[in-house]
1. Of the conditions (1) loosely packed, with under 12 Cβ neighbours inside 10 Å; (2) within 30 Å of Ala890 (Cβ to Cβ), Lys753 clears all except one; give me its number.
2. Of everything in segment 159-187, what is surrounded by 19 or more Cβ atoms within 10 Å (Cβ to Cβ) and either in a strand (DSSP E or B) or among the polar types (S, T, N, Q) (or both)? Give them in sequence order.
3. Search segment 755-793 for residues being part of a helix (DSSP H, G or I) and in contact (Cβ under 8 Å) with a residue 60 or more places away in the chain, and hand back the single one that is farthest from Asp568 (Cα to Cα).
4. What helices (runs of 4 or more DSSP H) completely inside segment 399-515 contain at least 3 residues that are under 27 Å from Gln389 (Cα atoms)?
5. Where residues in segment 785-809 are of a type in the set (S, T, N, Q) and more than 25 Å from Phe722 (Cβ to Cβ), which of them is surrounded by the most Cβ atoms within 10 Å (Cβ to Cβ)?
6. Within segment 402-421, can you find the residues that are farther than 19 Å from Arg439 by Cα and open to solvent by 10 Å² or more (accessible area, probe 1.4 Å)?
7. Could you grab me the full set of residues in segment 249-280 that are modelled with pLDDT under 95 and polar (S, T, N, Q)?
8. Only one of Gly266, Gly307, Gly290 is out of contact with any Asp or Glu (no Cβ under 8 Å at 6 or more places or on another chain), of a type in the set (Gly, Ala, Ser) and open to solvent by 50 Å² or more (accessible area, probe 1.4 Å). Can you tell me which?
Amino acid sequence: MDIKKLLIPIVSSVALFCSSFQIHAEHHQSKQMWPGTQYQTEIPTVKDVLGYEAGTKITSYHDMLDYFEALQKAAPNRIQLHPYAKSWEGRKLFYAVIANQDNLSRLDSITANVQALADPRVTSASQAKNLIAELPAFVWLQYSVHGNEISSTDAAMMTAYHLLAAPNDEINKNILDNTVVFIDPLQNPDGRSRFIANYYATVGLEHSADRQSAEHNEPWPRGRTNHYLFDMNRDWLAITQPETKGKIAAINKYKPQVIVDVHEMGGDQSYYFAPAAQPFNPHMTQTQIGNMNAIGKNHAKHFDALGFDYFTREIFDAFYPGYGDAWPTFYGASASTYEVGSARGERFQKRNGELLTYWDTVQMQFVASVSTAEGTAIHREKLLNDFYQYQVSAIAQGKNNEERVYILPNVNNREGNQRLATLMAEHGVEVSQATEAFRACGERYPSGSYFIDTAQPRGRFVTTTFTEQVNMSEDFIKEQERRRARNLGDQIYDVTGWSLPLMFNVKSIACDKAVKAASVPVSKDEVLKGEVLNPNATVGFIVAWGDMSAGRFLTSALRAGISLKSADEAFVLNNDKRYPAGSLVIEKRTNGSDLVTKIKQIAQETGAIVEGVDTSWVTEGPSFGSGRTPTMKAPNIAMAWDTHTNSLSAGNSRFVIERQLGYPVTAIRTSMLAGADLSNYQVLILPEGNYNGVLGKRGADNLKSWVQSGGVLIALGRANRFTSNPDFGLLNVKREFAYREEGGSSDSSEDSKVAGKLYAEKADLDAAIVEPETSPDSVAGVLANVEVDQEHWLTAGVDKNLVVVAYGSDIYTPIKLDSGKNVAWFTGKEDVLASGYLWEENKAQLAYKPFLIHQPMGRGMVIGYTQSPTLRAYLEGLNVLLTNTIFRAAAHAR
């Protein structure tokens with residue numbers, strides 16, 4: 001056999017592949033991303049460091065890091081790199097600071113002056129005027145919060161190179177004379193690394209531009225999200241992820257006057273920048289909106305010159321305060337989102353026949369980035385003055401607010417109060433904790449209460465996150481109702497209700513006057529203090545149930561091998577003290593000699609209050625030895641994972657259980673569940689997803705057999721489309737069609753003609769064109785009120801009233817008494833809406849429908865949440881209920 005003949009096609013194939021890449025790269029070598037720019041050779045190009053031209057390859061995390069380090073080495077007096085976080089998978093996140101040599105050397109003092117400008121209580125108008133005259137403006141460019149929105153990171157690299165290598169360019173000189181540019185080149189390194197690995201693993205001889213190709217269709221869970229599959233552009237309110245925590249701390253340090261968050265969208269679209277779409281959050285100012293419009297107009301100038309298509313105003317609103325382009329506005333920044341039509345690879349064929357390359361998308365992102373910095377430089381003085389005036393007006397507005405001060409009495413849910421108070425401090429809000437009892441607005445509050453005065457620079461942020469209702473404009477709502485009536489689809493982009501006290505199940509009382517009480521400031525790093533009272537107790541210990549300090553004590557105790565019980569009902573010990581249902585009982589007789597040491601350590605870690613007791617004499621409620629005080633188990637928890645689960649729901653749910661409850665979860669691929677031996681697991685969680693096809697009858701029978709043998713199956717949100725399927729028999733409820741008073745119109749006859757009808761008015765036509773069997777209209781997300789059964793062991797220690805997020809179109813019938821219990825249900829039509837905007841028909845149909853369903857089955861049970869309690873991990877007020885449905889359910893299964 002002639003080995004040379006065998007090698008010829010191999011060599012030819014490699015040559016063809018290299019030739020293809022070389023042609024693609026050389027095509028762009030003749031073009032400049034900013035035409036006509038002369039670059040200094042001492043600043044390394046992307047090709048100098050990484051071996052390819054900028055925009056011709058999707059740069060990996062490590063190569064991006066190498067390139068920025070090379071820039072810092074080449075120009076250490078004009079660029080600094082500052083790490084700010086580490087991802088779950090251990091990748092360093094950083095921001096680059098680029099400025100002229102003088103400004104960079106004075107960065108600390110400039111930052112101190114910007115902080116002074118951010119507080120008119122310490123900086124007078126005349127002092128502010130002097131600062132504004134000399135300060136550069138801060139502009140913050142942040143890229144790729146969604147890991148599969150790939151072009152922005154390469155644009156960040158090109159932006160840094162451009163500013164450093166062409167400092168004498170007219171535009172760049174203006175930028176460097178008047179601004180300090182902050183570049184966060186990659187907010188989601190874990191997601192980007194996932195995308196790149198999947199993308200290049202599918203590339204063949206040539207990169208395919210076909211949208212049907214493997215390159216353009218990512219496998220589950222895609223690269224959009226981080227390690228825990230969070231959409232981190234929705235994490236700015238709850239600040240649950242390390243990437244978000246570090247970023248918010250960095251932004252709070254500098255308070256940039258301009259922030260842009262750079263994204264990608266569908267490849268058939270062009271480029272989006274400000275003005276934003278309606279609705280705007282009413283607590284934003286017209287000045288901020290106007291500033292971004294002015295910068296957007298600057299983009300239009302450059303895009304027109306370069307022949308780039310773009311659009312504004314049509315999508316991407318500014319209502320929800322938890323986006324990366326919305327949160328900064330509430331400390332006074334002018335902020336916006338940019339979106340480019342994505343190649344989602346190196347080449348993409350648009351529907352109009354145009355070939356979109358990765359280089360094209362990088363160039364547009366790069367031009368918009370430089371234009372943002374230029375716009376900031378042009379409007380430097382106005383932006384700084386507007387920033388100062390924002391703080392002035394925020395304080396003045398706070399003093400006149402009907403809801404001037406929000407008071408958290410901190411009587412119940414001690415952990416939730418402390419968690420919310422420290423979260424607001426992490427946002428940069430001034431939070432106080434009273435060190436004495438006080439009166440406010442006619443009520444008396446105990447020492448230890450928290451209060452937040454909106455007469456502070458962050459006052460508008462406090463108002464928009466603490467008030468129970470933030471309204472969209474009447475004109476916008478009327479337009480949505482008109483569109484809905486014509487089946488055009490509404491334009492509500494995200495949730496319309498987000499009141500943090502409601503979501504945290506924390507009582508918040510508004511007062512229109514300032515609180516006068518001795519107090520201490522609350523730090524974001526403040527730790528809830530746990531304590532063991534009477535550690536030398538002779539009988540055992542009790543942890544009162546009802547907040548997540550007790551919940552985390554339970555999970556930590558189980559993992560530490562401590563034997564403990566939980567009471568199904570409230571009980572009174574020795575005619576003295578009443579303990580709520582769910583309270584944990586730890587008996588010395590069933591534990592080892594190191595029990596007290598373990599309990600002290602866990603109390604310190606979780607913030608729980610543990611009470612030692614010298615008697616087990618219960619005078620009301622279940623005794624320690626009662627069957628209604630079951631022994632808690634350390635269950636093995638499995639979760640459906642991979643294709644057919646909703647990746648966000650899977651990630652959010654796993655995060656809540658592992659990081660908020662503190663208990664490990666085993667992920668099992670959905671394709672294995674149909675025939676898997678689940679005997680090693682006591683709890684199986686189905687996140688939202690579409691399981692009918694992947695599991696089917698065989699999978700349902702396998703799960704049913706496991707449940708009947710003592711398993712606990714918990715289905716979240718749309719997973720109940722599977723459990724409620726009558727062919728599978730797991731949960732005896734049904735999903736409802738939309739309620740129609742007239743029943744809709746049905747022309748189901750197979751004949752070519754039907755009986756004639758008379759329409760007397762337009763309303764008759766409108767009714768006739770409504771399908772009789774359609775789902776309720778979908779809801780983007782509102783906060784809804786739920787009432788909780790106080791007599792069921794599953795809700796032990798849970799408040800009678802909770803707030804959940806209602807979204808989508810799924811509404812379920814109540815379960816019949818002979819099948820199970822509706823353990824929690826939505827309240828009546830008039831008060832079901834806690835916050836947000838909900839269609840009137842949905843209010844009526846959602847009323848008194850189940851939120852939490854319990855169905856016994858053999859020795860186990862099926863539990864269905866009709867709306868997910870783990871959404872975005874920001875419904876902390878539901879975590880006690882979730883803990884019950886996992887751990888108390890496992891204890892009650894036989």
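The values are calculated or read from the model by the stated rules, or taken from the named source; none is laboratory data. Please read all numbers here as calculations on a predicted model, not as lab measurements. Heads up, the Cβs are rebuilt from the backbone with ideal geometry, glycines too, and the neighbour counts pull from every protein chain shown. SASA here: full protein model, heavy atoms, side chains in, ligands and nucleic acids out. Shrake-Rupley method; radii C 1.70, N 1.55, O 1.52, S 1.80 Å.
1. Of the numbered conditions (1) loosely packed, with under 12 Cβ neighbours inside 10 Å; (2) within 30 Å of Ala890 (Cβ to Cβ), the odd one out for Lys753 is (2).
2. Selection gives Thr159, Asn172, Asn178, Thr179, Val180, Val181, Phe182, Ile183, Asp184, Gln187.
3. Filtering segment 755-793 down to residues part of a helix (DSSP H, G or I) leaves 762-768, 793.
Still in the running and in contact (Cβ under 8 Å) with a residue 60 or more places away in the chain: 766, 793.
Values: Asp766: 53, Trp793: 5 Å.
My answer is Asp766.
4. Details: elements: 414-426, 459-466, 474-485, 500-503.
Correct list: 414-426, 459-466.
5. If we filter segment 785-809 for residues that are of a type in the set (S, T, N, Q), which is where we start, we get 785, 790, 795, 801, 809.
Adding the requirement that they be more than 25 Å from Phe722 (Cβ to Cβ) leaves 785, 790, 801.
Working: Asn785: 19, Gln790: 13, Asn801: 13.
Taking the candidates together, the pick is Asn785.
6. Asn413, Arg414, Glu415, Gln418, Arg419
7. Result: Gln278, single match.
8. On the way: Gly266 fails: open to solvent by 50 Å² or more (accessible area, probe 1.4 Å); Gly290 fails: open to solvent by 50 Å² or more (accessible area, probe 1.4 Å).
Matching residue, one of Gly266, Gly307, Gly290: Gly307.
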